[in-house]
Amino acid sequence: MTHMFESALIQPGTVVNLSRRFVLKGLAAAGTLVIGTSFLPAPARAASAWKTGADLMTGGTVNNPHVFIAIDPSGIVTILASRTEMGTGIRTSLPMVVADEMEADWSRVRVEQAPGDNIKYGNQDTDGSRSVRHFFWPMRQCGAAMRMMLEQAAAARWEIDVTSVRAQNHEVVNLVTSEVVGYGALAKAASALPVPPVEALRYKDPRDFRYIGTGAIQIVDLRDITMGKATYGLDAKMPGMKFAVIAHPPVVGGKVVSYDASETLKVPGVEKVVVLETPPFPLAFQQLGGVAVIARNTGSAIKGRDKLKVVWDDGPNASYDSVAYRAQMEESVTKPGLVVRDDGDAEGALKSAAKVISATYYLPHLAHASMEPPTATAHVADGKCVAYVSCQWPGDCQADVAKTLGIPREDVTIYPLLMGGAFGRKSCYDYVIEAALLSKATGQPIKVVWTREDDLQHDTYHTVSVERIDAGVDKDGKVIAWRHRTCAPSLMSTFKNDYDHQSPIELGMGVVDNPFDIPNLRCENPAAKAHVRIGWFRVVSNIPHAFAIQSMVGEIAAALGRDQRDMLLEMIGPARTLDPRTFRGVKDFWNYGDPVETWPIETGRLSRVVEIATEQIGWGRSLPKGHGLGVAGHRCFLSYIATAVEVAVDDKGNLSIPRVETAIDCGFYINPERIRALCEGGAVMGTALAKNSEMTFKNGRAQQSNFHDFLLARITEAPLKVGVHIVPADVNIPSSGVGEPPLAPFAPALCNAIFAATGKRIRNLPIGNQLAT
Amino acid sequence: MVTLHVNGQDFSYDGDPSVPLLWVLRDELGLTGTKFGCGIGLCGACTVHIDGAAARSCLLTAEQASGKEVVTIEGLDPSGNGNHPVQVAWRETGAPQCGYCHAGQIMNAAALLAKTPKPSQEEILAAQNGNICRCGCYQRINEAIILASAGV
Ligand code: FES
Ligand code: FES
């Protein structure tokens, strides 16, 4: 294992509470056998059994046991988690694949977190719901190779053929004599053997998996979390560390003109202030700029910032007003936009339709609001940087910190700690860059803490969008025309100037990949310029796209007097396999970064989850007064997911959600227990975005600042009965994605249920007091 | 100089006594189990026990906490093994996702059960309503509290 980076900056033992360092020290002291790269010819790259797009990402994948596994003489197996943990359980799931395939006993497995390094560990961008999709096979190969090396070593020890031994639950059995030898005793010999090539690997029969697919393994951090011992980014400790809070430009892209820190410096505990430059657009992952207040503790730094007087040049976004912007977008969707899909003749079919149903939907900006705000701790000294971070992209972060500091990548060590939620915000590591710059400027280890106000007011926001759909129905009630105009600033604007249309990434999230069986289907994308940083928010553009499309299905059903589920299933149509690259007018189709050949659109799978969710909620049963059922089904992140919601709306218009049923088909899966948790959580996050959450802007400034005006779902309003149904799949059905999808169908299912309960159609989110009577 | 009595130990803090207890616990005493979420009493991430009752450590200055019995998540089970019934129930139900809000959730629930060992469903929800979980673990948090109150 090669992640035992001993920083010259931190003396061993001086970092408190970062158990990883002590563990490694301890192992080394005990004469640990370390399987390291020194034994290795060339790193074996993974050839996945299902073809993915992983190799298009920096570092691709790595399946080398020397990189991921260490076995000490006592038999403790240490497995590296290379993807970072934000609450999905991935830090448990991927090591579990290695352990299962190598026949390790989970109770003798320790999981350690890999530092940021895309080249050594394979790509570490932990987002896009792609960790299992891209790394199941490389991790399985890694485990299989290790198991075969252990078997080989045992066979050599007994001087028998390798076919006469079998690895089994942390030991190898001699099938001739029934002798056994433990993994610890074999490790040294095993590590000296060549790694078998992928073609030579023998895999376990999936029926023999002990952990994969069982849901019996709890997350590795569970006990520590319940004891307050789990170490999150905000909990990093470095000797001599100081705390920084930053007055960021109130308008994105703004600059410090002048500042007066005289009162700030009088605050007890405040030590200094440092100006951070605002880089020119595009900002990408760079710092926002501003004035940092550095103090002995965060509380003093916050007090110091309160006393700071800064004169800002607000820059080009100073006039952003989200009310005016919405009106502009609503105007844009009344006119034709850039055509991004054009099957048949939608315009003609709309003209000749017996009935046209039209609706325009609005969804506001959202802030991620992970409970742990963005944070990083860095120490820059002697031309090197060590940072402890809460970050989804530690590998890219390593490269960018190096670039910012002008030092080689190898001289930057990024230790990812647990993230207290992330939801896409922590893919952007501007706050790590801030910590590195501030440490460089002061020569001290600096922890940057974003307050909740910083988090909400300087986020990489979920986009704001207006979606208009016109559907034409013929005299027999069949939907023959569909025109979807989607207008939203693009997240690509954060990386490229003048990016005014949605990118293929966004259009591939439900718009051009619309699976409906409609002969005349046209999608248009009017321009929209961004005035804030737009980023990835869990399930991203599927939020507005699924909301509009699935609400429209409900509207069509209502207009025709049809059942909503039947209408949806009819529009999905018969089971077909679709390749959106063949749809007319679709350019650069983006299939979540993965090949259509492996993950085409399979409409039968979509219908199936709709059927399961609705069956489970008892679709069609008689309901108490004020109750209603609604459903939405959507393909996103290559998975198929449907949610059915039962809502209750009282006389005053207060809504509650007595029951939710979600069905997901995510292909082959590792940990059903975490899939359930993520679906339960998606319903809660969905409740927040449907009912309460909205970020608005005036004069370029975010108008919400904390949880009194950016509202999340609390336990009294959250659904507490969420049933989750996972479609079983064997290992031949490629894994797709789980982290993001649960959020997509919730809001439209809820609003369809509200319509069923009250006859009121919600077209603008959040619902707020729209139901008040 | 402020003296704080935390988890049965005395600590002295020589900085600004008007700084919130939260930051003194975390940044000065190294007790990082207590989390920061909002700083204004709206999320519950910073919940500790002050003389046995749940309190938001972001709303209380170090000075106000001095002379009181402060218990943080690290001291909830005085044996240090994490086996307070609420902690055990939390693991039983697999409640956490990212886990960040859970120290506050657990401290809040433990204070509820200390006062009301058999809370009704309404009492549980009312007590936990000040604790936000962005990952959305409420269903299992509710189950865990019911389980803990059943004395399992
Ligand atoms: S941090 Fe104290 S209640 Fe949110
Ligand atoms: S578990 Fe992530 S905020 Fe509650």
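The values are calculated or read from the model by the stated rules, or taken from the named source; none is laboratory data. Remember, it's a predicted structure, so these values are computed and weren't measured experimentally. No Cβ is skipped: glycine too gets one built from the backbone with ideal geometry, and neighbour counts run over all protein chains shown. The area values use the complete protein model at the heavy-atom level, side chains included, leaving out ligands, DNA and RNA. Shrake-Rupley method; radii C 1.70, N 1.55, O 1.52, S 1.80 Å.
Please report Rg over Rh for chain B, where both radii come from the alpha carbon positions and Rh follows the Kirkwood definition.
Details: Rg = 14.8 Å, Rh = 15.4 Å.
Value, to two decimals: 0.96.
Using just the Cα positions, wrap region A:632-773 in a convex hull and report its mean projected area in square nanometres, one decimal place.
On the way: hull surface 39.0 nm².
Averaged projected area of region A:632-773's Cα convex hull equals 9.7 nm².
With unit charges on the beta carbons (Lys and Arg positive, Asp and Glu negative) and the dipole taken about the Cα centre of the protein assembly as shown, which residue among A:ALA488, A:GLN392, A:HIS134 sits farthest to the positive side?
Result: A:ALA488.
Report Rg(Cα)/(2.2 N^0.38 Å) for region A:603-650, keeping two decimals.
Details: Rg = 12.2 Å, N = 48, 2.2 N^0.38 = 9.6 Å.
Rounded to two decimals, the normalised Rg is 1.27.
³J(HN,Hα) across region A:666-672 via Karplus (A = 6.51, B = -1.76, C = 1.60, θ = phi - 60°), whole Hz, x for Gly/Pro?
10, x, 5, 10, 9, 10, x
Can you compute the radius of gyration and Dmax for region B:2-75, using only the Cα atoms, both in Å?
So, for region B:2-75, Rg and Dmax equal 10.6, 29 Å respectively.
Given H placed 1.01 Å from N in the peptide plane, which residues other than close sequence neighbours of A:GLU85 have an amide H under 5 Å from its amide H?
Long-range HN contacts for A:GLU85: A:MET419.
What FRET efficiency would be calculated for the residue pair B:GLU92, A:SER352, taking the C-beta separation as r and a Förster radius of 45 Å, to the nearest 0.05?
Working: r = 62 Å, r/R0 = 1.37.
Once the sixth-power term is evaluated, E becomes 0.15.
Can you give the FRET efficiency for A:THR177 and A:ARG110, using 1/(1 + (r/R0)^6), R0 = 41 Å, r = Cβ-Cβ distance, to the nearest 0.05? Please report the intermediate quantities before stating the final value.
On the way: r = 31 Å, r/R0 = 0.76.
So the FRET efficiency works out to roughly 0.85.
Rank B:THR72, B:THR32, B:THR47 by mean-square fluctuation in a GNM of chain B with C-alpha springs under 10 angstrom and give only the top-ranked residue.
Between B:THR72, B:THR32, B:THR47, it is B:THR32 that shows the largest mean-square fluctuation.
Tell me, what ³J(HN,Hα) does each residue in region A:752-769 have, in order and in whole Hz, if you take phi through Karplus 6.51 cos²θ - 1.76 cosθ + 1.60 with θ = phi - 60° and put x for Gly and Pro?
5, 5, 4, 4, 4, 7, 10, x, 9, 9, 8, 10, 10, 9, x, 5, x, 9
If amide hydrogens are placed 1.01 Å from N in the peptide plane, which non-local residues have theirs closer than 5 Å to the one on A:CYS636?
A:ILE641
Which of A:TYR203, A:GLY184, A:VAL466 sits closest to the plus end of the dipole of the protein assembly as shown, meaning its Cα is farthest towards the positive end, when Lys and Arg get +1 and Asp and Glu get -1 on the C-beta?
With unit charges placed on the Cβ atoms, the residue in question is A:VAL466.
So what is the relative contact order of chain A, in percent, for Cα pairs below 8 Å that sit 6 or more residues apart?
Values: 1868 pairs, mean separation 103.6, N = 773.
13 percent.
Multiply the residue gap between A:LEU265 and A:LYS403 by 0.36 nm, knock off their C-alpha separation, and tell me the result in nm, one decimal place. Kindly include the intermediate steps, with their values, before the conclusion.
On the way: separation 138, 0.36 × 138 = 49.68 nm, distance 3.20 nm.
This chain segment gains 46.5 nm when fully extended.
Measuring from label point to label point, each 7 Å out along Cα→Cβ, what is the B:ILE146 to A:GLU597 span in nm?
Between B:ILE146 and A:GLU597, the label points sit 5.0 nm apart.
When the dipole is taken about the Cα centre of chain A, and only Lys, Arg (+1) and Asp, Glu (-1) are charged at their Cβ, what size is it in debye, to the nearest 20?
Once rounded to the nearest 20, the dipole reads 1020 debye.
Could you work out the helix-only [θ] at 222 nm for chain A, with each DSSP H run of four or more residues adding -39,500 (n - 2.57) and the total divided by the number of residues, to the nearest 500 deg cm²/dmol?
Numbers: 19 runs with 212 residues, N = 773.
Estimated from H runs of four or more residues: -8500 deg cm²/dmol.
Starting at the first residue of region A:124-129, write each ³J(HN,Hα) from the Karplus equation 6.51 cos²θ - 1.76 cosθ + 1.60 with θ = phi - 60°, in whole Hz, x for Gly and Pro.
Karplus-based 3J(HN,Hα) across region A:124-129 equals 10, 5, 8, 6, x, 6 Hz.
At q = 0.21 Å⁻¹, what base-10 log of I(q)/I(0) does the Debye formula yield for region A:308-347 when every alpha carbon is treated as an equal point scatterer in vacuo?
So the normalised log intensities work out to -0.83.
Residues of region B:94-126 losing 40 Å² or more of accessible surface, assembly versus chain alone, probe 1.4 Å, please list them.
B:PRO96, B:GLN97, B:CYS98, B:TYR100, B:LEU125
Report, as an integer, the average count of C-beta atoms from other chains found within 10 Å of each Cβ along A:367-377. Working shown, then result.
Values: counts 0, 1, 5, 5, 18, 9, 4, 0, 1, 0, 0.
Other-chain Cβ atoms within 10 Å of each residue's Cβ, averaged: 4.
Within a Cβ distance under 12 Å of A:ALA145, other residues only, what is the Lys/Arg minus Asp/Glu net charge? Spell out each step's value before the answer.
Numbers: positive: A:ARG140, A:ARG147, A:ARG202; negative: A:GLU101, A:GLU151, A:GLU199.
Overall, the nearby charge balance is 0.
Decide, for chain A, between rounded, prolate and oblate: order the square roots of the alpha carbon gyration tensor eigenvalues as a ≥ b ≥ c, take rounded if a/c falls under 1.5, and otherwise choose prolate if a/b is larger than b/c, else oblate. Don't jump to the answer; show the numbers that get you there.
Numbers: a/c = 1.97, a/b = 1.21, b/c = 1.63.
Taking the square roots of the gyration eigenvalues as a ≥ b ≥ c, chain A is oblate.
What FRET efficiency, computed as 1/(1 + (r/R0)^6) with R0 = 60 Å and r the Cβ-Cβ distance, is obtained for A:ILE119 and A:LYS625, rounded to the nearest 0.05? Don't jump to the answer; show the numbers that get you there.
Details: r = 62 Å, r/R0 = 1.04.
Taking R0 as 60 Å, the efficiency between A:ILE119 and A:LYS625 is 0.45.
Convex hull over the alpha-carbon atoms of region B:89-149: what's its volume per residue in Å³? List each step's numbers first, then the result.
Working: hull volume 4.1 nm³, N = 61.
Convex hull of Cα atoms, per residue: 67 Å³.
Determine, at each q value in 0.19 (inverse angstroms), the log₁₀ of I(q)/I(0) that the Debye formula gives when each Cα of region A:417-557 is one equal point scatterer.
Here the Debye-derived log intensity ratios amount to -1.09.
Helix-derived [θ] at 222 nm for chain B: sum -39500 (n - 2.57) over DSSP H runs of at least 4, divide by residue count, nearest 500?
Values: 5 runs with 47 residues, N = 152.
That comes out to -9000 deg cm²/dmol.
Any idea of the accessible area per residue across region B:2-75, 1.4 Å probe, to the nearest Å²? Walk me through the numbers before you get to the answer.
Numbers: 2420 Å² over 74 residues.
With the other protein chains kept in place, region B:2-75 gives 33 Å² per residue.
Taking 0.36 nm per residue of sequence separation and subtracting the Cα-Cα distance, how much length would be gained by fully extending the chain between A:ASP474 and A:TYR203, in nm to one decimal? Working shown, then result.
Details: separation 271, 0.36 × 271 = 97.56 nm, distance 5.43 nm.
Gain in length upon complete extension: 92.1 nm.
Could you point to the residue in B:SER12, B:LEU29, B:ALA55 farthest towards the positive end of region B:1-55's charge dipole, with +1 and -1 charges on the Cβ of Lys/Arg and Asp/Glu respectively?
Result: B:ALA55.
Choose one answer from B:ASP14, B:ASP27, B:ASP77: the residue with the largest mean-square fluctuation in a GNM of chain B with alpha-carbon springs under 10 Å.
Greatest mean-square fluctuation among the candidates belongs to B:ASP14.
Which value in Å does the Kirkwood hydrodynamic radius of region A:213-361 take, with 1/r averaged over all unlike C-alpha pairs and then inverted?
On the way: mean 1/r = 0.0474 Å⁻¹.
Roughly 21.1 Å, rounded to one decimal.
Under 19 Å from a point placed 7 Å out from the Cα of A:ASN497 along the Cα-to-Cβ direction: which residues of region A:516-550 have their backbone N that close?
A:528-534
Ballpark to the nearest 100 Å², how much total accessible area do A and B bury together, probe 1.4 Å? Walk me through the numbers on the way to the answer.
On the way: alone 27630 and 7610 Å², together 30390 Å².
So the buried area, both faces added, is about 4900 Å².
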